[in-house]
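Novice: This structure is in structure tokens; I'll ask about it shortly.
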Amino acid sequence: MGTFSVRARVWNPADKRREAVVELVVDTGATYTVLPRTLLERLGVLPIRSVRLRLADGRIVERPLGEVGIEVEGRYASATPVVFGEEGVYLLGSVTMEELGLAPDPVEKRLKPTEA
């Protein structure tokens, strides 16, 4: 499947005044949404636990996991899991897409509403 991006608004659920607009790569291979650690720290998002992740190159890493509020395509989630990632990594993961009721359409390269 080819990749495509979507614009999203993310915020700290504990302080909704702290928000950012980001461009996320839709990644059906990613379980969790990933944002740069520096962005999450600027929003005041705190880690709630660590998760082990298998990267595309096969490596297994451990990263902090927190929660952000997110809006994509006019659909809101008050909180979704987010991995504290490296600089320049902006991914929309499958957990968040399912929470928002959206699925990727690889032909039209956009997200479409789904039925639960």
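The values are calculated or read from the model by the stated rules, or taken from the named source; none is laboratory data. Everything numeric in this text was worked out from a predicted model, so none of it was measured. In this analysis, Cβ positions are derived from the backbone assuming ideal geometry, glycine residues included, and neighbour counts consider all displayed protein chains.
Novice: Would you confirm, using the coordinates I've provided, whether residue 58 is surrounded by 14 or more Cβ atoms within 10 Å (Cβ to Cβ), of a type in the set (Gly, Ala, Ser) and within 21 Å of residue 3 (Cβ to Cβ)?
Specialist: no
Novice: Hey, among 106, 64, 36, which residue is surrounded by fewer than 21 Cβ atoms within 10 Å (Cβ to Cβ), modelled with pLDDT under 95 and not polar (S, T, N, Q)?
Specialist: 106
Novice: Name the residues in segment 70-88 that are surrounded by fewer than 14 Cβ atoms within 10 Å (Cβ to Cβ) and either under 19 Å from residue 56 (Cα atoms) or at pLDDT 95 or above (or both), would you?
Specialist: Scanning segment 70-88 gives 86, 87, 88.
Novice: Which residues, taken from segment 1-17, are outside any loop (DSSP other than H, G, I, E, B) and either surrounded by 15 or more Cβ atoms within 10 Å (Cβ to Cβ) or small (Gly, Ala, Ser) (or both)?
Specialist: Scanning segment 1-17 gives 5, 6, 8, 10, 11, 12.
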